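Here you go, one structure.
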Amino acid sequence: SNAAHSLIKKINEKVSRQKQPSTEVKKILLCTPEGEMHSLGCMVIESVLISKGYSVFNIAPSVPSTSVISFANKIEPDLIIISITLTENLHAANRLINEILTTKAEHPPILLGGAGVSSVKKIQGNKVAGVKFLKDVPLSGILLSIKESIKGNKVV
């Protein structure tokens, strides 16, 4: 795991240096809910998104909900992606989503994915406005979901 983290970090640094800044770059906030200590999934997604020209803010792992919301208010992302690796963190992710929805009248679209979502047999309440659940979605499908979510941008 540590070797994978180091390798992805080096790749991200190299790709970031090669990308030219653009005024139209979409900002994506990657995070995990409080208690989720796995960040490799976020690092992989970060790497792919940087290579596609997105501006990525990866604050994983395990940041308190209030800090996620405060940081989101500061950077005003076009999309928030929440990753969970362990199913037991689904409740913490749900709390984070509810806090985002209740504290921000206009909030960016939210994607919730990761192994913790994929292992849930049935996601209850997956019809939350502005939230898309990525269950058993391949990487190419995640990129498509990101593009579709950003098109609509802020959800009221």
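The values are calculated or read from the model by the stated rules, or taken from the named source; none is laboratory data. Just so it is clear, the model here is predicted, and its values are computed rather than measured. In this analysis, Cβ positions are derived from the backbone assuming ideal geometry, glycine residues included, and neighbour counts consider all displayed protein chains. To get the accessible areas, we keep the full protein, side chains included, count just its heavy atoms, and leave off ligands, DNA and RNA. Shrake-Rupley method; radii C 1.70, N 1.55, O 1.52, S 1.80 Å.
Report the residue count in region 89-114 for those that are exposed (fewer than 14 other Cβ atoms within 10 Å of the Cβ) and of a type in the set (Gly, Ala, Ser).
So the count comes out to 1.
May I pose another question? Please state which one of Glu46, Glu76 is touching a strand residue (DSSP E or B) at 6+ places or on another chain (Cβ under 9 Å) and closer than 23 Å to Lys14 by Cβ.
Working: Glu76 fails: closer than 23 Å to Lys14 by Cβ.
Every option except Glu46 fails the conditions.
Could I ask something else about it? Output yes when any residue across region 69-82 is open to solvent by less than 60 Å² (accessible area, probe 1.4 Å), of a type outside the set (D, E, K, R) and more than 24 Å from Leu143 (Cβ to Cβ), and no when none is. Full working, then the answer.
The first filter runs over region 69-82 and keeps only residues open to solvent by less than 60 Å² (accessible area, probe 1.4 Å), leaving 69, 71-72, 75, 77-82.
Of the ones still in play, those that are also of a type outside the set (D, E, K, R) are 69, 71-72, 75, 77, 79-82.
After this cut, where a residue has to be more than 24 Å from Leu143 (Cβ to Cβ) as well, the list is 69.
The answer is yes, given that some residue of region 69-82 is open to solvent by less than 60 Å² (accessible area, probe 1.4 Å), of a type outside the set (D, E, K, R) and more than 24 Å from Leu143 (Cβ to Cβ).
Is it the case, given these coordinates, that Ile28 is more than 15 Å from Leu96 (Cβ to Cβ), at pLDDT 90 or above and under 10 Å from the mean Cα position of the chain (by Cα)?
Details: more than 15 Å from Leu96 (Cβ to Cβ): yes; at pLDDT 90 or above: yes; under 10 Å from the mean Cα position of the chain (by Cα): yes.
So Ile28 fits the description; yes.
Within region 87-105, does at least one residue satisfy the condition of being part of a loop (DSSP other than H, G, I, E, B) and modelled with pLDDT under 90? Outline the logic, then answer.
Filtering region 87-105 down to residues part of a loop (DSSP other than H, G, I, E, B) leaves 104-105.
Filter again for modelled with pLDDT under 90, leaving 104-105.
Within region 87-105, one or more residues are part of a loop (DSSP other than H, G, I, E, B) and modelled with pLDDT under 90.
Which of the following residues is among the charged types (D, E, K, R) and either within 19 Å of Leu49 (Cα to Cα) or at pLDDT 85 or above (or both): Lys122, Lys135, Lys127? Break it down stepwise before answering.
Working: Lys122 fails: either within 19 Å of Leu49 (Cα to Cα) or at pLDDT 85 or above (or both); Lys127 fails: either within 19 Å of Leu49 (Cα to Cα) or at pLDDT 85 or above (or both).
Step by step, each of Lys122, Lys135, Lys127 is checked, and only Lys135 is among the charged types (D, E, K, R) and either within 19 Å of Leu49 (Cα to Cα) or at pLDDT 85 or above (or both).
On the basis of being among the aliphatic types (A, V, I, L, M), in a helix (DSSP H, G or I), closer than 22 Å to Ile146 by Cα and at pLDDT 90 or above, does Ala60 make the cut? Steps first, answer last, please.
Working: among the aliphatic types (A, V, I, L, M): yes; in a helix (DSSP H, G or I): no; closer than 22 Å to Ile146 by Cα: yes; at pLDDT 90 or above: yes.
So Ala60 fails the test.
From the list Val117, Val63, Val48, which residue is over 11 Å from the mean Cα position of the chain (by Cα), surrounded by 20 or more Cβ atoms within 10 Å (Cβ to Cβ) and among the aliphatic types (A, V, I, L, M)?
Working: Val63 fails: surrounded by 20 or more Cβ atoms within 10 Å (Cβ to Cβ); Val48 fails: surrounded by 20 or more Cβ atoms within 10 Å (Cβ to Cβ).
Result: Val117 is the single residue among Val117, Val63, Val48 that is over 11 Å from the mean Cα position of the chain (by Cα), surrounded by 20 or more Cβ atoms within 10 Å (Cβ to Cβ) and among the aliphatic types (A, V, I, L, M).
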